[in-house]
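Structure first, then comments.
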């Protein structure tokens, strides 16, 4: 509790308190009420950030997590090639997000990038500056993280191997196919794990910074803008009160996200 109060609760209280002030980080904060929040919610870059966040939420909660779950099932059922899949799929996890962002800058480079080079095999006139053109920039940033869902695989796989083998044996005796066993036994039994993966994946979209800052810096325009970029931008401009109003909003969005998906996956109820 002491660690929580010192390193989490106290900073949260400071963020919410100073978000109600005009403060440059050096002089005494001056109380301005909810003026920072009014300005934030009327800001075009903030509204675009919410739009981007909603799209990233949908992609993370569906394709991103689903990919991790599918790979977990492939490994769990020990299909041919599953060991190779496990090894190859895990390798990218040891590379930092900042390094991946720089790698993707070369992959999506218009002149010598692998992606455009492959497309030009079929269309020699193809030209696209992925990180600098709309709407391609949004999808280029999305692809820096959407295929890396190792944590979802690990969490789901750990839950799968904990399912009692007696359940599968009984299902086989009753004539259930593997597909029926997966739908009727495995998926309901790992509901908590999938819900946890969705929460982790969506809340990670709230804190994305390196992938965007090192590729698009929120552009073109504000097409890939998000709240962490707004926070850093206004801290750099010594507008700490406004930056902390964005940070406080980020915390609230995180809490709402956790509550919402906990309800969706009924994580407060026992397995049925």
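The values are calculated or read from the model by the stated rules, or taken from the named source; none is laboratory data. A quick note: this is a predicted structure, and the numbers were derived from the prediction, not measured. Here the Cβ is made from the backbone with ideal geometry for all residues, glycine too, and neighbour counts use every protein chain on show.
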field: Inter-residue pairs, beta-carbon under 9 Å, first touching a residue at least 24 places away in the same chain (Cβ under 8 Å) and in region 27-38, second in a loop (DSSP other than H, G, I, E, B), 6+ apart
entry: 29/20; 29/23; 32/20; 36/19; 36/20; 36/239; 37/19; 37/20
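Test of understanding: among 103, 91, which residue is under 16 Å from residue 210 (Cβ atoms), free of Cβ contacts under 8 Å to residues at least 40 places away in the same chain and part of a helix (DSSP H, G or I)?
On the way: 91 fails: under 16 Å from residue 210 (Cβ atoms).
Just one listed residue meets the conditions, 103.
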- request: Search region 210-219 for residues being under 15 Å from the mean Cα position of the chain (by Cα) and crowded, with 20+ Cβ neighbours inside 10 Å, and hand back the single one that is nearest to residue 25 (Cα to Cα).
  value: 212
field: In region 181-195, the residues that are free of Cβ contacts under 8 Å to residues at least 40 places away in the same chain and over 24 Å from the mean Cα position of the chain (by Cα)
entry: 181, 183, 184, 185
statement: Checked region 39-56 for anything surrounded by fewer than 17 Cβ atoms within 10 Å (Cβ to Cβ) and under 16 Å from residue 251 (Cβ atoms); matches are 41, 50
message: Quick check on region 126-140. Is at least one of its residues closer than 30 Å to residue 178 by Cα and in contact (Cβ under 8 Å) with a residue 24 or more places away in the chain?
response: no
- line: Of the residues in region 228-272, those that are outside any loop (DSSP other than H, G, I, E, B), closer than 18 Å to residue 20 by Cβ and out of contact with any helix residue (DSSP H, G or I) (no Cβ under 6 Å at 6 or more places or on another chain) number 4
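Yes/no matrix, rows are residues, columns are (1) surrounded by fewer than 21 Cβ atoms within 10 Å (Cβ to Cβ); (2) under 21 Å from the mean Cα position of the chain (by Cα); (3) within 18 Å of residue 38 (Cβ to Cβ):
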site: 221; (1), (2), (3): yes, no, no
site: 240; (1), (2), (3): no, no, yes
site: 245; (1), (2), (3): no, no, yes
site: 261; (1), (2), (3): no, yes, no
site: 267; (1), (2), (3): yes, yes, no
message: If residue 77 meets every condition in (1) in contact with a helix residue (DSSP H, G or I) (Cβ under 8 Å, 6 or more places away or on another chain); (2) modelled with pLDDT of 90 or more apart from one, which number is that one?
response: (2)
- request: For region 69-88, name all the residues that are closer than 14 Å to residue 187 by Cβ, touching a residue at least 12 places away in the same chain (Cβ under 8 Å) and part of a helix (DSSP H, G or I).
  value: 69, 72, 73, 76
field: Hits in region 18-38 - residues which are under 16 Å from residue 250 (Cβ atoms) and part of a helix (DSSP H, G or I)
entry: 18, 36, 37
- prompt: Which residue out of 136, 101, 140 is modelled with pLDDT under 90, in contact with a helix residue (DSSP H, G or I) (Cβ under 6 Å, 6 or more places away or on another chain), surrounded by 14 or more Cβ atoms within 10 Å (Cβ to Cβ) and closer than 24 Å to residue 62 by Cβ?
  reply: 101
